[in-house]
1. So how far, in whole Å, is the C-alpha centre of region 370-402 from the one of region 166-229?
2. Where does the chain land at 222 nm, in deg cm²/dmol rounded to the nearest 500, when only DSSP H runs of n ≥ 4 count, each adding -39500 (n - 2.57), divided by all residues?
3. Taking 41 Å as R0, compute the FRET efficiency from the Cβ-Cβ separation of residue 43 and residue 151 and round it to 0.05.
4. So, by mean Cβ neighbours within 10 angstrom, what's the order for 451-464, 138-151, 270-283, 215-228 with the highest one leading?
5. Taking the highest mean first, how do the peptides 184-195, 101-112 order by number of other beta carbon atoms within 10 angstrom per residue?
6. Rounded to the nearest 0.05, what FRET efficiency do residue 391 and residue 278 have when you use their Cβ-Cβ distance and R0 = 41 Å?
7. Take the Cα of residue 261, step 7 Å along the line toward its Cβ, and report every residue of region 172-197 whose backbone nitrogen sits under 18 Å from that point.
8. Based on alpha-carbon centroids, what's the gap between region 299-335 and region 1-78 in Å, whole number please?
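Coordinate-derived values only; no laboratory data. For clarity, every value in this text was computed on a predicted model and none was experimentally measured. With ideal geometry, Cβ positions are generated from the backbone for all residues, glycine too; neighbour counts draw on all protein chains shown.
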Ligand code: BG6
């Protein structure tokens with residue numbers, strides 16, 4: 001029998017969402033369009049079942065009910081993003097008062113229920129007016145937006161993150177071309193990644209100028225998508241391919257935000273290919289008197305880890321080819337291959353969801369230890385969850401595989417905590433089934449099932465399980481079930 005895992009009493013239990021994926025009200029009350037609203041309108045055929053986020057979960061109108069659910073599900077924290085185009089419809093300039101009012105109501109209601117808000121400034125819904133992270137005006141516009149949010153909400157919101165997954169949004173916006181603005185150019189991708197990391201670091205410095213150094217476990221961070229990359233075989237070529245993929249997808253983001261500089265080895269590689277980004281490549285400020293460089297680093301107060309799956313890399317990459325399984329048909333394989341560099345392959349021993357996402361809690365443990373070894377700081381798991389084709393049958397959603405998934409990943413978190421990783425909380429993805437980007441609405445992640453006709457919320461079996469876990473802080477397991 002496996003010993004239960006006991007989490008500390010102040011461990012934050014919650015869920016995460018993003019504005020575009022749940023709010024709806026795409027054009028209401030003065031909101032401007034985002035690049036995702038525009039993309040979904042112009043290219044409906046690129047999204048599973050031509051779904052769109054115009055109404056999403058209608059959280060814009062149902063926020064009070066949703067906060068009620070969070071309370072019933074034992075939340076002590078809730079991670080959500082602000083919609084930049086709801087607050088600044090043109091990206092900069094005139095502020096939309098209705099947008100401020102909406103988020104004021106939400107933040108106040110959360111606090112009334114004892115739920116600490118963890119607010120992300122940017123979860124991919126760039127105001128259409130700003131077009132792209134290549135826009136020369138973008139940094140100024142971003143800092144105006146950040147300042148508006150920090151000053152307006154900062155008395156009540158004590159946990160902030162700048163960006164959600166700059167790695168994922170850059171990769172699909174500028175390398176695979178699957179997300180807006182649909183570009184396929186590795187050099188531009190690297191420049192945009194840099195623009196985002198630079199914007200992030202300036203917003204961190206701005207926050208500290210306005211609000212000072214926070215209490216431990218509070219302040220400003222970033223949510224990074226981190227997936228360990230394992231070699232597909234024992235060959236030295238595959239080991240090198242995995243190292244390169246890890247350098248570009250993980251270290252390129254992790255080291256600037258934790259250590260204030262790019263990994264030299266990756267920078268060298270990019271210089272040699274003529275692809276190194278332009279601009280300030282050093283993020284650090286001088287060490288404060290008497291402190292170590294790490295203490296005075298102007299980078300994050302805490303790190304958010306979004307973890308879903310690991311990768312397996314081979315050097316055998318004869319073509320450049322990208323494809324995402326967005327149908328949930330297990331026969332439709334995802335492909336990610338960069339000619340001459342690396343290609344991701346399936347793990348023959350792996351367990352996969354219908355969308356070809358491998359289920360591997362040990363890789364979360366691996367990532368957490370890696371963070372500990374780079375820099376000791378508070379960590380939150382800002383996203384983790386499983387997309388399933390859940391069905392409502394006679395008022396019930398039987399999602400034991402979700403419970404098994406979260407159990408396995410929380411056991412990995414607990415193990416990492418015992419090994420010295422300062423994990424302060426876990427935000428499951430997601431509170432409710434929502435607009436899963438290119439996957440539309442078939443891929444469901446919520447504790448709450450959302451009926452697409454009525455938008456009615458129904459708690460799944462995982463919801464009562466999660467509520468009990470959050471109430472007691474004791475994790476029993478594992479559940480005897482496998483994914484999908
Ligand atoms: C993360 C995002 O990449 O993964 C979320 O931050 C997203 O917004 C989640 O929904 C799951 O991905 P997907 O594509 O299956 O919805």
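1. That distance is 22 Å.
2. One gets -10500 deg cm²/dmol as the mean residue ellipticity at 222 nm.
3. Here the calculated transfer efficiency is 0.65.
4. Answer by packing, highest mean first, reads 215-228, 138-151, 451-464, 270-283.
5. Working: 184-195: 19.3, 101-112: 16.8.
Put in order of decreasing packing, that is 184-195, 101-112.
6. E between residue 391 and residue 278, to the nearest 0.05, is 0.20.
7. none
8. Each part reduced to its Cα centre gives a spacing of 22 Å.
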